[in-house]
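Before any comments, here is the structure.
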Amino acid sequence: MVDPNALSPGSVLPEDADGAALVARVQEPEWGGPCVAAVRGEEVVDLTALAPTVSDLLERDDAAELVRRAEGGRTWRLGELLAATAEGRRDVPHLLAPVDLQLLKAAGVTFARSMLERVIEERTGGDPAGAERVRELVAKAVGGALAHVTPGSPEAARAKELLISEGLWSQYLEVGIGPDPEVFTKAPVLSAVGTGADIGILASSVWNNPEPEAVLAVDSRGRVRGATLGNDVNLRDVEGRSALLLPRAKDNNASCAIGPFLRLLDDGFTLDDVRGLDIELRVEGPDGFVLQGLSSMREISRDVLDLVASVHGPHHQHPDGFVLFTGTLFAPTEDRSVPGEGFTHERGDVVRISSPRLGALVNTVTTSESAPPWEFGITALMRNLAARGLL
């Protein structure tokens, strides 16, 4: 659980929250299910009668106006919701991840620096003990030469030929600078956890890390309607053994965190603002270890709309919309316990991912096996909304 003192309205709201159209989801035990809600200062207003799911809300052209001004139903105090969430209380209203029926997708290898870390994982076979040696080898051979190469360009094709000739080509370089990005399904619909919740790492993993990312919310027409923060938890040892183990590395109980709120795009928060986000990471361990990092969207190799187009278009439709993790620049190399083995999580780590325009997503690390089980799926949601007369 997160320390309740670390989860307050002032610590999780965007710095310009008064002008933002913010969407939350509240679990209301009295009704046995979730509510779509607007965050208006320290008041959270139920909008479920107007939009029974966040997916429905994002289909409305007037979504931002509705979130700001529509008369709603029940209200809650944000501070009380955050306190209950941090304490793990499930018998009182608490916050959930701010998305529901959208497919949970993620793009990988979208930043040159983290792309090279994926190559290192591959070369070491997921063994952290060999990371430092391989990192030096790859940096000497490639350096920053790939940082400004446009994926899919003739320059990228020439770089590929050169790397193949040097015996350094990798499947991660293929998706990093090749014509097609890596996009995968991160987790099942409705399985994401929100701010204040535990995040899960497989108990068997010995090399893993958080991945702080901007997350886009896209409607059924392929329009980006909003953005939030995400933690695309990664098991480096598992993926390093084989890229075919990506589902095992990425999709586990509580391994997908999204929040704290979904900020809708409007005149005061545009897609260009998303392109300019700086996303900060701070990990505080029970052992006193502190890790800090920054991921700047300005350094992304592919434009966010290109990533969206790779998911949605004539080749594939998404009638309930989708959310898309856009990748991260952050790849921790600082040693935590064993020299040369870099960073890995310990149980009890508090992970804070924040950005001034999106607020803060705060979670505590546990094992996927110990995290609260995921029990409320699509069938349960439909039955609950129908019983409440909302469908």
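The values are calculated or read from the model by the stated rules, or taken from the named source; none is laboratory data. The structure displayed is predicted, hence computed values, not measured ones. Ideal geometry is used to build each Cβ from the backbone, glycine not excepted, and the neighbour counts take in all protein chains shown. Surface areas here come from the heavy atoms of the whole protein model, side chains and all, with no ligands, DNA or RNA. Shrake-Rupley method; radii C 1.70, N 1.55, O 1.52, S 1.80 Å.
Summary table below
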item: All Cα pairs of the range 234-391, percent lying beyond 23 Å; result: 54 percent
item: Helix 112-124 axis, angle to the chain major axis (alpha carbon atoms, nearest 10°); result: 60 degrees
item: Equivalent-ellipsoid semi-axes of the range 1-85, from the Cα gyration tensor, Å, largest first; result: 21, 16, 10
item: Exposure of THR270 as accessible area (Å², to 10), given a probe of 1.4 Å and all protein chains; result: 50 Å²
item: In degrees, nearest ten, helix 378-387 long axis to first principal axis of the chain (Cα); result: 10 degrees
item: Net charge dipole size for the chain [Lys, Arg +1 and Asp, Glu -1 on Cβ; Debye, nearest 20]; result: 480 debye
item: Cα-based Rg of the chain normalised by 2.2 N^0.38 Å, two decimals; result: 0.96
item: MRE, 222 nm, helices only [DSSP H, n ≥ 4, -39500 (n - 2.57), over the chain, to nearest 500]; result: -7000 deg cm²/dmol
item: HN-Hα J in Hz across the range 259-266 - Karplus 6.51, -1.76, 1.60, θ = phi - 60°, x for Gly and Pro; result: x, x, 9, 8, 9, 6, 6, 7
item: Qualifying GluC sites (Glu not before Pro) in the range 230-296, DSSP loop, other Cβ atoms within 10 Å at most 13; result: none
item: Residues with amide H under 5 Å from that of TRP169, placed H, sequence gap 5 or more; result: ILE164
item: TRP207, TRP374, TRP169, reordered so the largest accessible area comes first (probe 1.4 Å); result: TRP374, TRP169, TRP207
item: The chain: angle of helix 154-165 to the longest principal axis, Cα-based, in degrees nearest 10; result: 50 degrees
item: Fraction of accessible area attributable to carbon and sulfur, the range 27-109 (%, probe 1.4 Å); result: 45 percent
item: Net lengthening on full extension, GLU87/GLN292 (0.36 nm per residue, minus Cα-Cα); result: 71.3 nm
item: Protection-proxy order for peptides 71-81, 44-54, 256-266, each taking the mean of Cβ atoms within 10 Å per residue, highest first; result: 256-266, 44-54, 71-81
item: Per residue accessible area of the chain, 1.4 Å probe, in Å²; result: 40 Å²
